[in-house]
Amino acid sequence: MRAALSVALLLGVLSCASTARITGNFDEYGSYRDFRTATTLEARLAAAARYLRDYPKGDYREEVRAWYGPAEERYFKLSWNTLPRLRAYLDALPRGPHAEAAAERITELESRRIYAERREQRLLSHAQDIESRLARAADQRRGFIREFSRLTELLGGTRTFGEPTSELDAALLHRFRERPPLLQCEADQCQKIFTFHYAVPEEQALTERTIDVTLHIRLERGLVQELSLSGPELLTRVAEAISVRAVPPLNPQASAEALGQALEIVSSALSSPLPKERCEVEAVSPVVLERRCDGVRMQIVAGTEPGAADRLIVQRETVDRAKKPRIKGAGG
């Protein structure tokens with residue numbers, strides 16, 4: 001019994017001596033234990049820093065310092081271009097070796113991020129503005145072509161020459177009398193100017209176009225004698241709106257192509273009131289298209305100088321034996 005008691009006392013003394021040698025004290029050991037049991041790299045860095053700060057001469061300083069130095073350096077380098085990691089570094093090591101550098105780098109990256117976000121917002125706004133302008137330009141081009149085609153059709157369908165204006169087609173009368181702007185009349189001449197706006201791509205930008213189209217009526221003693229539609233380079237403007245491409249000035253080939261495109265629109269608009277197969281006659285310059293039938297004569301007269309007006313003229317047909325309508329199936 002006495003021998004057993006002696007052994008127990010000896011083991012107790014050895015145990016206390018071993019604990020004192022390994023941990024020094026319970027607070028230091030608890031700090032060291034936090035370092036060893038940390039479950040994340042950031043938590044272990046923070047625990048290592050605390051231990052080295054609180055126990056610069058602690059029993060585990062060599063072990064902790066040997067790990068902490070390379071680990072902190074490596075973590076900082078990996079965090080250099082990553083805001084979340086830099087913030088995590090400062091959270092874990094507010095007084096770490098690279099804390100000041102981390103704070104400066106955060107400021108720099110934040111500034112870049114803000115600049116990038118603002119730039120992205122500007123680019124987005126610019127893109128949205130371009131998209132809006134493109135959509136608006138497309139609507140304006142469609143509106144211009146739609147109205148030009150409709151006016152061409154209405155003028156070509158007029159069969160009331162020599163009668164009062166009240167006998168004109170209701171849709172044409174609406175454009176003359178009710179649709180703004182106001183109709184301007186002087187003596188036997190009445191006209192209304194419609195202004196159209198649209199844009200076409202030119203040199204990687206949208207170029208704004210404005211054209212004034214004049215709807216004109218000539219009377220004699222109050223009776224309709226002639227209707228016309230005219231505007232400066234009207235046919236070129238029509239071609240641009242159709243092709244969505246600017247026509248270069250003083251370019252004969254481009255002008256010829258534009259004329260062909262515009263005349264296709266005119267021909268399509270006249271397909272019902274003045275069909276090509278029954279009404280077309282040979283045109284002589286400056287007339288570029290002429291149709292005669294059903295007592296009506298329509299001519300498209302192209303301006304011969306840059307900026308000159310192109311005119312679409314409709315009047316009562318007069319007998320001209322030099323120009324006979326082409327009859328379908330008659331050859332030629």
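What follows draws every value from the coordinates through simple rules; no lab data is involved. Computed from a predicted model, the values in this text were never measured in an experiment. Quick reminder, even Gly has a Cβ in these numbers, built from the backbone with ideal geometry, and neighbours come from all protein chains shown.
If you build a Gaussian network model of the chain, linking Cα atoms that sit under 10 Å apart, which residue out of 226, 167, 73 swings the most? Of 226, 167, 73, the Gaussian network model singles out 73 as fluctuating most. Once you reduce the stretch 177-222 and the stretch 129-155 to the center of their Cα atoms, the two points are 14 Å from each other. Springs join every pair of Cα atoms under 10 Å in this Gaussian network model of the chain, and among 131, 264, 42 the largest mean-square fluctuation is at 42. Its convex hull of Cα atoms gives the stretch 138-316 a direction-averaged projected area, equal to a quarter of the hull surface, of 10.4 nm². Full extension of the segment from residue 103 to residue 63, taken as 0.36 nm per residue of separation minus the current Cα-Cα distance, would add 11.5 nm. Remark: the residue 205-residue 50 segment gains 49.5 nm on full extension, using 0.36 nm per residue and subtracting the alpha carbon distance.
Projected label points at residue 139 and residue 287, each 7 Å from Cα along the beta carbon direction, are separated by 4.1 nanometres. Across all Cα pairs in the chain, the calculated P(r) in 10 Å bins from zero up to the longest distance comes to 5, 17, 17, 11, 6, 5, 6, 7, 8, 7, 5, 4, 2, 1, 0, 0 percent per bin.
Cα centroids of the stretch 46-91 and the stretch 243-278: 78 Å apart.
Within the listed set 242, 217, 114, the Gaussian network model of the chain (springs between alpha-carbon atoms below 10 Å) gives the highest mean-square fluctuation for 114. For residue 258, the shell of other residues with beta-carbons less than 10 Å away shows a net charge of -1, using +1 for Lys and Arg and -1 for Asp and Glu. In loop segments of the stretch 175-210 as defined by DSSP, the GluC sites (Glu not before Pro) with at most 12 further C-beta atoms inside 10 Å of their C-beta are 203. Label reach from residue 250 (point 7 Å along Cα→C-beta): in the stretch 280-319, amide nitrogens under 16 Å belong to 305-308. On full extension, the segment bounded by residue 115 and residue 166 gains 11.8 nm, given 0.36 nm per residue less the C-alpha separation. The phi-based Karplus calculation (6.51 cos²θ - 1.76 cosθ + 1.60; θ = phi - 60°) puts the 3J(HN,Hα) values of the stretch 261-268 at 5, 5, 5, 5, 5, 4, 4, 5 Hz, whole numbers, x for Gly and Pro.
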